[in-house]
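Since every read-out is calculated from the coordinates, none of them should be taken as a lab result. Note that the coordinates shown come from a computational prediction; the quantities given were computed from them, not determined experimentally. Neighbour counts run over all protein chains shown; Cβ positions are idealised from the backbone, glycine included.
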Amino acid sequence: MKKTDKKEEIILDAVLGNTLDYATFQARLKNGHEIVAFPSPRQPVTELGLSPGQTVRVVLSPYDMLKGVILKENQQDFES
C-alpha cells in the first residue's frame, strides 16, 4: 500500500484581533468565525511584524477549524 503525500489544507484570509499570548492572536475570518491564529514555527515572529488589526492569510486543517497557522501578512489584499 502506497502512502500518499496529499495534505488537506484550507487557506483563508483573517483579521487579527486581540493578542492572547506572545505571537498568538484571536482572529476573525470573513465569514465571521473566530479562530486562534499563531505564526508558523519555521518563521521568526519578528520577521512577520504582526499586530492586531492586520489582515493575514491563515491555513486551517479540515479536522480542527479552531486553530490556524499564519502564513504571511496581507499587503495587497491578496488579489485573486
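In table form, for the structure just shown:
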{"item": "DSSP-defined antiparallel bridges as percent of all bridges, region 10-73, nearest 5", "result": "85 percent"}
{"item": "Approximate spin-label separation Val36-Val15, in nm, with each point projected 7 Å along Cα-to-Cβ", "result": "2.3 nm"}
{"item": "Whole-Hz ³J(HN,Hα) from phi, Karplus 6.51 cos²θ - 1.76 cosθ + 1.60, for region 54-71, glycine and proline x", "result": "6, 9, 10, 9, 10, 10, 10, 8, x, 8, 9, 8, 9, 10, x, 9, 6, 7"}
{"item": "Extension reserve of the Arg57-Gln43 stretch, reckoned as 0.36 nm per residue once the Cα distance is removed", "result": "3.6 nm"}
{"item": "Sequence-distant residues sharing a close amide H with His33 (under 5 Å, placed H)", "result": "none"}
{"item": "In Hz, Karplus ³J(HN,Hα) per residue of region 8-17 (6.51, -1.76, 1.60; θ = phi - 60°; x = Gly, Pro)", "result": "7, 9, 10, 10, 9, 8, 9, 9, 6, x"}
